[in-house]
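Before any comments, here is the structure.
The values are calculated or read from the model by the stated rules, or taken from the named source; none is laboratory data. What you see is a predicted model, and the numbers here were worked out from it, not measured in a lab. Ideal geometry is used to build each Cβ from the backbone, glycine not excepted, and the neighbour counts take in all protein chains shown.
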Amino acid sequence: MNGTILIVDDDDDTAVLLRDSLRKRGFDVDAVNSAQQCLERLRTDPADVVVTDVQMSGMSGIDLCQELRQRYPDLLPIVLTGQGGLDTAIAAIRAGAYDFITKPVKVDALAIAVGRALEHLSLRREVKRLRSAADRDVPIDGIAGNSPAIRETIEMIRRVADSDATVLVTGESGTGKELVARALHNLSPRRDQPFVAVNCAAMPAPLLESELFGHVRGAFTDAKRSRAGLFVQAGAGTIFLDEIGEMPIEMQVKLLRVLQERKVRPVGGDEEVPFEARVVTATNRDLETEVEEKRFREDLFYRINVVAIPVPPLRSRAGDILLLAQFFLKRIAGRTNKPVQGISGPAARLLMDYDWPGNVRELENCMERAVALCRLDEVTVDDLPAKVQEHQSSKIVITTESPGELITLDEMERRYVRQVLNAVGGNKTHAARILGIDRRSLYRRLEEPRHDAKPEAAAAGAPSATGRPPTTPPPIGGASNGSNGHATPPSGTGTSVVHPGEIEHT
Ligand SMILES: Nc1ncnc2c1ncn2[C@@H]1O[C@H](COP(=O)(O)OP(=O)(O)OP(=O)(O)O)[C@@H](O)[C@H]1O
Ligand SMILES: [Mg+2]
């Protein structure tokens, strides 16, 4: 772990023993024999953690903690307290100590305390860095993020904003698809024209048809006047067809014709009207699967999928979680006039550990709630929802400890593939990408074995064709969120962990 430690003890033997023991554990450590020497040393050689005895000739460890708090607020002191030293420990914590260890010092306990202090420091620095990064890193149109995945999305937006190509924005719910569609419009030469968003899931087919393509007077009972549809109302701007995957099948064929001809026929009308708007669509469904299962027309799929912009789920851009949290914090605090400035280290850790199945929208809601509940100038663990506080990163645990449950490699693979598929809400394209296989292979791996199939030699304890002893695959225990989806082989210790959308006019 990165960081410099300075030991302060007027007993030279103890100082050297602690220094050497921590060095052996890979820490960068030095030692001095008094509080004065410590303060002198820090003027030229900064340290991250000071481990200090309390009873020392000259300045005591407690006074040193007070001095350090004033001079070096980013440094974390750990105090070594004597027998029955609870009062001393309390005095040390009040004086600014981060932690205390009782004597005699167990080096393992000290190493853990030092490691924890360094992790706390690195988290605190990260939050600080992100607080300033959040001010700068809103590269386009309110899309905050710095991770490679979102940078790729932003790069795609920049590349296609100028063109007239039809764009399909895909991604799980709450990932920011509408934000991407708006960014495409705002970065395009069409930015001064209307941006018209339509939720295709919100209306039955006849109403949607009349909204999109317009109607002539008398087309239906309530049609007292003719009305231009949204394709025409969008002018030379952008029409955003959100939730295209939910579009009723009878509308899909009509939309296909419209996109091919670049003309709409108003309901009840005989004449086609040309339109100029650029078409951007979005869905959180896996359209390839929808096509295979005959719920989405293949020809329409190819027509709208000229350029695809996938928006990554939040869990695959872990580097953005704190940045987005800070971005929302600042925005919400500003709007609500609350003096909340930051996020505490432990709260930041919980935010990073959580899976965010509701993606950026869930994080935004979480920060809205946190700001409302926050009583300090910092969001703390107590301000976070219970599901974030109580979340334990779920992992697939492979253990070789229960021989009664041993399964074949094939079965293990099938179960893992199903878990990844569940974790991505059944999106086969997405699951295949995570697993690093194509969709056809994915289907194959999901198939149950045929009972008349010959068992594989290595599977059920039979000697293998190579003559080597059969490999006995470990069973899968525990649940997976499949968020990473990368399996690592079982370790030699017997246990291993696999980290696996109303019509709106603007
Ligand atoms: N990168 C980002 N930076 C800042 N805010 C974001 C970002 N991504 C999403 N948001 C915010 O998260 C919320 C959800 O985004 P949006 O509505 O675009 O998601 P969506 O993918 O269209 O979701 P759904 O599929 O549920 O319609 C919005 O308030 C949006 O402003
Ligand atoms: Mg949306």
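Identify all residues within the range 246-259 that are part of a loop (DSSP other than H, G, I, E, B) and more than 16 Å from ligand 2 (Cβ to nearest atom); write none if there are none.
Residue satisfying the conditions is Pro248 alone.
Could you check the range 213-245 and list, in sequence order, the residues that are of a type outside the set (Gly, Ala, Ser), away from ligand 2 (no atom under 16 Å from the Cβ) and within 21 Å of Thr166 (Cβ to Cβ)?
Of everything in the range 213-245, those that are of a type outside the set (Gly, Ala, Ser), away from ligand 2 (no atom under 16 Å from the Cβ) and within 21 Å of Thr166 (Cβ to Cβ) turn out to be Phe213, Leu230, Phe231, Val232, Gln233.
Which one of Pro346, Pro357, Pro339, Pro312 is part of a loop (DSSP other than H, G, I, E, B) and touching a helix residue (DSSP H, G or I) at 6+ places or on another chain (Cβ under 6 Å)?
Pro312
Can you say whether Asn359 is touching a Ser or Thr at 6+ places or on another chain (Cβ under 6 Å), within 16 Å of ligand 2 (Cβ to nearest atom) and closer than 18 Å to Gly145 by Cα, as far as the supplied structure shows?
Here the answer is yes, as Asn359 does meet what is asked.
Each row is one residue, and each column tells you yes or no for (1) modelled with pLDDT of 90 or more; (2) assigned by TED's automatic domain parsing to the domain that holds Arg433; (3) in contact with a Pro (Cβ under 8 Å, 6 or more places away or on another chain); (4) within 16 Å of ligand 1 (Cβ to nearest atom).
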{"residue": "Thr166", "(1), (2), (3), (4)": "yes, no, no, no"}
{"residue": "Arg182", "(1), (2), (3), (4)": "yes, no, no, yes"}
{"residue": "Gln193", "(1), (2), (3), (4)": "yes, no, no, no"}
{"residue": "Pro204", "(1), (2), (3), (4)": "yes, no, yes, no"}
{"residue": "Glu211", "(1), (2), (3), (4)": "yes, no, no, no"}
{"residue": "Val216", "(1), (2), (3), (4)": "yes, no, yes, no"}
{"residue": "Ala219", "(1), (2), (3), (4)": "no, no, yes, no"}
{"residue": "Val232", "(1), (2), (3), (4)": "yes, no, no, no"}
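Report, by residue number, each residue of the range 10-35 that is of a type in the set (A, V, I, L, M, F, W, C), surrounded by fewer than 20 Cβ atoms within 10 Å (Cβ to Cβ) and either more than 18 Å from Ala109 (Cβ to Cβ) or outside the structural domain of Val49 (by TED's automatic domain parsing) (or both).
Val16
On the basis of being more than 13 Å from ligand 1 (Cβ to nearest atom) and more than 35 Å from the chain's Cα centre (by Cα), does Ala161 make the cut?
No.
In the range 43-72, which residues are under 16 Å from Tyr98 (Cβ atoms) and part of a helix (DSSP H, G or I)?
Across the range 43-72, the qualifying residues are Gly61, Ile62, Leu64, Cys65, Gln66, Glu67, Leu68, Arg69, Gln70, Arg71.
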